[in-house]
Each structure stands twice: as C-alpha cells, then as structure tokens.
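I have placed the structure first, in the form of structure tokens, so that the comments after it can refer back to it.
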Amino acid sequence: MKFILIIVLYLTTQTVFGQTSYQLAVLKYSGGGDYYANPTALPNLVDFCNVNLGTTIAKETPYVEVGSPDLFLYPYVHMTGHGNVVFSASDAENLRTYVLGGGFLHIDDNYGMDKFIRVELQKVFPDHEMVELPFDHEIFHQKYEFNGLPKIHEHDGKRPQAYGIIIDGRLVCLYTYETDLSDGWENSEVHNDQPNKRQEALRMGANILMYAFSQ
C-alpha cells in the first residue's frame, strides 16, 4: 500500500512545473498544540506564488492528519503551532515514508513548539540529525535573494535559524525557528506587521516552495 502511495506522490510532484494545478496542505497532529494556528497563512502564500511565480496552486489548503494516507496527495505540507506535538509510532512511520517518497515537510515554529518538535522529529528521523542550513544554501537564493531567514517577529530576540533534515543529498524537512514566517503570511490585520515584513515573509515562503518543487 505504501509503495502505491509513493507512486501517487511522485506523479503529483511531476506536474508542478507543467502547470497542472496541485494542492498544498497543513499538517494536523496530536498532543494539544494548535496545529490550526495562522489559518490565513498558507492561502495567502498560495496567492502570492500564483501571482509572482506563475504557479497554479489550488487556493484550498486542507488539514491532513499526520498518520493519514491522504498525506501522500500533497507534495508540500506545512506544520505550525505554539505548543505540544506528539507523533505516534505509526505517525512517524507515515511521515518518514512521505518524505522519502518525494514529499516536503516545512515546520515553522510559531513560538513555543521548539522543545516538543525536536523530540518528535527524532522519532521520524532516528538516523538523521537536524543541521543548520548555511546562508549560501540554495533555498535562500531562488527567485528572491536572502542572507538567511528574515526576522519577522522578535519573540526571544534570538537570530532566526533554518534547520534541515537531509537524506541522500535531498532536503526533505525544513524547520524554521525564531522567524515566524507563517505569521508574516497571514492577513495584514492579524498581527499588524509592516508591509515590508510581510513581503519578506512571503518572498521567503515563495523561495521555499520553489526549492521544494525543483529538487
């Protein structure tokens, strides 16, 4: 069954630059954390990419459970929240199979997730450690040029960091920390971010999608 799902995901990702419409999703997880935070974020990023990158991403961005076979229908899955995260053994296996089959997982700490997600990612990738991505990594140099992640919200005042899980030379999971990109993707009235900060967040998000679909 998993083999069939990997084939479906592979075929889905092949249409991205052929201008066939495709869909992104938000990851729904257990543990009590607010996986539903930032409901306008991913739809706004989709709109930005369709206008500025010429993509044809569907505007609907459904929630998909981490252990569901439906996970394999989406080439990119976004995860965010402020609190606890718990992956069961079957969740971890499903998520690992998803990324090994060609899927891309982007986790954006919305402040408060860090100490939980680091533990849970060890279940998903027991043989791979997160590494910090250098400023010359390709993800920062797609359509838009960045010297590392932009700082959208201050939180603890730490520098923003991009971490990744790299398997067989492919970045399969991106974890963005102390930046709050997805807050910057939200409707302007939600956080009252300055227009330049929202543009930085959306442009970095566009770079992430470009990179994810070009691997």
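The values are calculated or read from the model by the stated rules, or taken from the named source; none is laboratory data. Nothing here was measured: the structure is a model prediction, and the numbers come from that model. With ideal geometry, Cβ positions are generated from the backbone for all residues, glycine too; neighbour counts draw on all protein chains shown.
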Inside the range 173-187, can you point out the residues that are of a type in the set (A, V, I, L, M) and surrounded by fewer than 24 Cβ atoms within 10 Å (Cβ to Cβ)?
Leu174
Residue check: is Thr13 surrounded by 15 or more Cβ atoms within 10 Å (Cβ to Cβ) and at pLDDT below 95?
yes
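Which one of Glu132, Glu138, Glu65, Glu93 is surrounded by fewer than 20 Cβ atoms within 10 Å (Cβ to Cβ) and without any contact (Cβ under 8 Å) to a residue 12 or more places away in the chain? If you could, list the steps in order and put the result at the bottom.
Numbers: Glu132 fails: without any contact (Cβ under 8 Å) to a residue 12 or more places away in the chain; Glu138 fails: without any contact (Cβ under 8 Å) to a residue 12 or more places away in the chain; Glu65 fails: without any contact (Cβ under 8 Å) to a residue 12 or more places away in the chain.
Within the list Glu132, Glu138, Glu65, Glu93, the selection yields Glu93.
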Selected residue (criterion: nearest to Ala206 (Cα to Cα)) from residues of the range 144-159 that are surrounded by 13 or more Cβ atoms within 10 Å (Cβ to Cβ) and touching a helix residue (DSSP H, G or I) at 6+ places or on another chain (Cβ under 9 Å)
Tyr144
Subset of the range 68-90 [touching a strand residue (DSSP E or B) at 6+ places or on another chain (Cβ under 7 Å), of a type outside the set (Asp, Glu) and surrounded by fewer than 19 Cβ atoms within 10 Å (Cβ to Cβ)]:
Val86
Failed item, numbered, when Pro39 is tested on (1) on the phi < 0 side of the Ramachandran plot; (2) touching a His at 6+ places or on another chain (Cβ under 8 Å)
(2)
